[in-house]
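Shown next, in structure tokens, is the structure this report addresses.
The values are calculated or read from the model by the stated rules, or taken from the named source; none is laboratory data. Nothing here was measured: the structure is a model prediction, and the numbers come from that model. All Cβ positions, even for glycine, are placed from backbone atoms using ideal geometry, and neighbour counts span all protein chains on display.
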Amino acid sequence: MDYSSLANIYEKLEQTPSKLEKTRIISDMIKKIPTNQLEKVILLMLGTVFPGHSQLDLGVADKMIIKSIMKSTGYNENSIINKFKETGDLGIVTKECLKSSKQMILGKKKLDVDFVFEKLEKLAKIIGNGSQNKKMDIISEMIVFSSPKEACYIVRTILGNLRTGASEGLLRDSISKAFFLEEEKKDAKNAVDYALNIIADFGKVAKIAKLSGMSGLRKVDIEIGKPINVMLAEKAESIEKVLKKYDKIIAEWKFDGMRAQIHKKGNNVWIYTRRLENVTLQFPDIVELVKKSINIDCVVEGEVVGINSKTGNTLPFQILSQRIHRKYDIEKIANEIPIQLNLFDIIYLDGKNLINETLINRRKKLEKIIKPINGKIQLTKKIISKDINEIQNFYKSALEANQEGIMLKVLDSTYNFGRHVDGWIKIKPIMESLDLIIVGAVWGEGSRTNMLTSFKLGCKNGDDIIECGMMSTGFTEKEFNYITKKLIPLIIDTKGKNIKVKPEIVVEINYQEIQKSPNYSSGFALRFPSFKNIRLDKGLSDIDTLNRIKKLYDSQGHSG
Ligand code: AMP
């Protein structure tokens, strides 16, 4: 497949607001891709060259793209930066520069999807001395070979921001639409979903759908070392309500830490976050602990918490989070912020997939294979009870230990991917913080002209994001700078001092009260919102919903 055909599809998607129409365009394309290119094209469609949920990390920043545009088109830095300020999109800037390039460009080539894919993969693999120059050479070469339209999408892919609206949800629907009949739609979606939960690789799943159909998708099994989608918790209003529904439940502390999915095969250990990012290198201490504590092939899950080495108390997630994306001085920070691993589940043991086993059986199996290491690796504390007082006291003890609350787990529930009723239920204090996504921001004034200082927040309503307030307090200067840096590449529109951004950055927000408000599309606003945390471990699918905001509003006693 020519890259120019793919670029045409990207352009069509960008110009098509309707999700149904986008699904049709993608599925029509998928049907026509030769099998040997299917995996690559599906990944490129998602704007990545890496399977799984790994963030595209080619180690390329705006600056390098600007230099590459200079090198390949002859434009000077200032004019490129000015164009960037006008458009907020280096893809468009590259396209415009190429269109009116002052340099003789003799090298135009017919780009093939394989060629672009391999170059992008290569970018990610270049490390060490001189890597910046080597990467720049590759990017410049690709720009020189490309047409303006192709270059636009190559640059956007490199920067991890394709802007076509081809979300994972759309790709799921498009894969089932491409390979299954309309009347099989429901079963096909279930089979595609199942396979994606187990292997989390859209390219592979598309290929299986094409070559082996529904039965192939249903036969997909866990492969140790490859991440599996995680089970999440529903929220409940009260312990009483949960106890009314279930006879007996397991209660565990809900730790304020990082979800870890740990795979072990022989002497190899892999660690994934809840977004399936590979953080094995960042946690050599966990790798060692797991090797000492477990001596069988398995996939287990738990919560990692940071520990204050002087007091032995757990540290807030904020502090532990410094370790999650760390690329240098890993041993040093591991010593500064030691961890404790609290295991609560097992999904694969000695060649056997356990997702259809009940929680109580899984827990028994987990207990058998873990050799606890004092204060370092242990099973989560649990009680099995139907006694409200006992569970209330357990809840109190969790809050006193500065944990988030408790998890109530249904004894005979199987391992369900995503958030489901009848599985895990979380209980947290009522005025708990909200996880919201930044949808816009405002540039500051005076000494803060180069900083974004006020942020528009969004919650979810079905597939839509709706606004629910502005927040500008609770930040340190360092945090303002950090969030500004994170948001600049996501700018999609600029009006005076106001910018709109692609919804990607999730923030945890404290507030005093929820009020009704005509100023925001949700109809609600937060009173005295303040920044608590940036949640790089969370994404769009994790943010709070309008429903939850309504419920919290009602629980304040305003209802009726
Ligand atoms: P939430 O992020 O609020 O939806 O809650 C789900 C998260 O709670 C999981 O992804 C885990 O990271 C975390 N967690 C903390 N303690 C537990 C526990 N005992 N069982 C399951 N998840 C836990």
Selected residue (only one of Leu281, Leu276 is over 30 Å from Ser397 (Cβ atoms) and within 13 Å of the ligand (Cβ to nearest atom)): Leu276
Where Val242 falls short, out of the listed (1) within 16 Å of the ligand (Cβ to nearest atom); (2) in the same structural domain as Lys396 (by TED's automatic domain parsing); (3) closer than 30 Å to Gln322 by Cα: (3)
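Is it true that Glu513 is among the acidic types (Asp, Glu), more than 29 Å from Arg323 (Cα to Cα) and more than 24 Å from the chain's Cα centre (by Cα)?
Details: among the acidic types (Asp, Glu): yes; more than 29 Å from Arg323 (Cα to Cα): yes; more than 24 Å from the chain's Cα centre (by Cα): yes.
When the stated conditions are applied, Glu513 passes them.
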Qualifying positions in segment 300-310 - within 15 Å of the ligand (Cβ to nearest atom) and of a type outside the set (D, E, K, R): Val300, Gly302, Val304, Val305, Gly306
Test for Met407: is it among the aliphatic types (A, V, I, L, M), out of contact with any Pro (no Cβ under 7 Å at 6 or more places or on another chain) and at pLDDT 95 or above: yes
Residue selected from segment 521-545 under the condition away from the ligand (no atom under 16 Å from the Cβ) and surrounded by fewer than 19 Cβ atoms within 10 Å (Cβ to Cβ), by the criterion nearest to Phe475 (Cα to Cα): Ser530
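To keep it simple, each residue is scored yes or no on (1) surrounded by 15 or more Cβ atoms within 10 Å (Cβ to Cβ); (2) of a type outside the set (D, E, K, R); (3) on the phi < 0 side of the Ramachandran plot.
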position	(1), (2), (3)
Ser4	yes, yes, yes
Ile9	yes, yes, yes
Gln15	no, yes, yes
Leu20	no, yes, yes
Thr23	yes, yes, yes
Asp28	no, no, yes
Lys31	no, no, yes
Pro34	no, yes, yes
Lys40	yes, no, yes
Count of segment 351-372 residues which are touching a helix residue (DSSP H, G or I) at 6+ places or on another chain (Cβ under 9 Å) and exposed (fewer than 14 other Cβ atoms within 10 Å of the Cβ): 2
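Any residue that is among the hydrophobic types (A, V, I, L, M, F, W, C), part of a helix (DSSP H, G or I) and surrounded by fewer than 17 Cβ atoms within 10 Å (Cβ to Cβ) - is there at least one of those in segment 106-118? Spell out the reasoning first.
The first filter runs over segment 106-118 and keeps only residues among the hydrophobic types (A, V, I, L, M, F, W, C), leaving 106, 111, 113, 115-117.
Narrowing the set further to residues that are part of a helix (DSSP H, G or I) leaves 113, 115-117.
Narrowing further to those that are surrounded by fewer than 17 Cβ atoms within 10 Å (Cβ to Cβ): 115.
So far as segment 106-118 goes, yes, one or more of its residues are among the hydrophobic types (A, V, I, L, M, F, W, C), part of a helix (DSSP H, G or I) and surrounded by fewer than 17 Cβ atoms within 10 Å (Cβ to Cβ).
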Lone unmet requirement of (1) at pLDDT 90 or above; (2) surrounded by 14 or more Cβ atoms within 10 Å (Cβ to Cβ); (3) away from the ligand (no atom under 13 Å from the Cβ) for Asp412: (2)
Number of the exception - Gly306 against (1) closer than 27 Å to Ala251 by Cβ; (2) outside any strand (DSSP E or B): (2)
Positions within segment 375-408 being outside any helix (DSSP H, G or I), farther than 26 Å from Asp350 by Cβ and away from the ligand (no atom under 16 Å from the Cβ), in sequence order: Gly375, Lys386, Asp387
Residues located in segment 247-258, provided they are within 16 Å of the ligand (Cβ to nearest atom) and touching a Leu at 6+ places or on another chain (Cβ under 9 Å): Ile249, Ile250, Ala251, Glu252, Asp256, Gly257, Met258
Residue within segment 166-174 that is farther than 24 Å from Gly418 by Cβ, surrounded by 21 or more Cβ atoms within 10 Å (Cβ to Cβ) and in contact with a Leu (Cβ under 9 Å, 6 or more places away or on another chain) present: no
Inter-residue pairs, beta-carbon under 8 Å, first at pLDDT 90 or above and in segment 90-114, second aromatic (Phe, Trp, Tyr), 6+ apart: Leu90/Phe84; Gly91/Tyr153; Val93/Phe84; Cys97/Tyr75; Leu111/Tyr3; Leu111/Phe145; Asp112/Tyr3; Val113/Tyr3
Residue match in segment 313-336 (condition: among the aliphatic types (A, V, I, L, M) and assigned to a loop (DSSP other than H, G, I, E, B)): yes
Residue count, segment 195-215 (criterion: surrounded by fewer than 17 Cβ atoms within 10 Å (Cβ to Cβ) and in contact (Cβ under 8 Å) with a residue 12 or more places away in the chain): 2
Qualifying positions in segment 283-327 - crowded, with 18+ Cβ neighbours inside 10 Å and small (Gly, Ala, Ser): Ser293, Gly302, Gly306, Ser321
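For a quick check of your reading: which strands (runs of 3 or more DSSP E) sit entirely within segment 419-521 and have at least 3 residues that are in contact with a Ser or Thr (Cβ under 9 Å, 6 or more places away or on another chain)?
Details: elements: 424-427, 434-443, 452-461, 464-471, 491-495, 498-501, 506-510, 513-516.
Filter on segment 419-521 gives 434-443, 452-461, 464-471, 506-510.
Just checking, which of Ile66, Ile33, Ile42 is within 26 Å of the chain's Cα centre (by Cα) and of a type in the set (A, V, I, L, M, F, W, C)?
Details: Ile66 fails: within 26 Å of the chain's Cα centre (by Cα); Ile33 fails: within 26 Å of the chain's Cα centre (by Cα).
From the options Ile66, Ile33, Ile42, the qualifying one is Ile42.
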Pairs, first within 13 Å of Ser433 (Cβ to Cβ) in segment 509-538, second surrounded by 15 or more Cβ atoms within 10 Å (Cβ to Cβ) and of a type in the set (D, E, K, R), C-beta under 7 Å, six or more apart: Ile509/Lys532; Asn510/Lys532; Lys532/Glu508; Asn533/Glu508; Arg535/Asp435; Arg535/Glu508; Lys538/Asp435
Test: residue in segment 211-228 that is farther than 25 Å from Ser174 by Cβ and of a type outside the set (A, V, I, L, M): yes
Options Ile534, Ile483, Ile466: the member that is among the β-branched types (Val, Ile, Thr) and more than 27 Å from Thr273 (Cβ to Cβ): Ile466
Matching residues, segment 42-101, being surrounded by 19 or more Cβ atoms within 10 Å (Cβ to Cβ) and aromatic (Phe, Trp, Tyr): Tyr75, Phe84
Leading residue by the ranking (farthest from Phe528 (Cα to Cα)) among those in segment 432-469 that are touching a residue at least 40 places away in the same chain (Cβ under 8 Å) and within 15 Å of the ligand (Cβ to nearest atom): Lys460
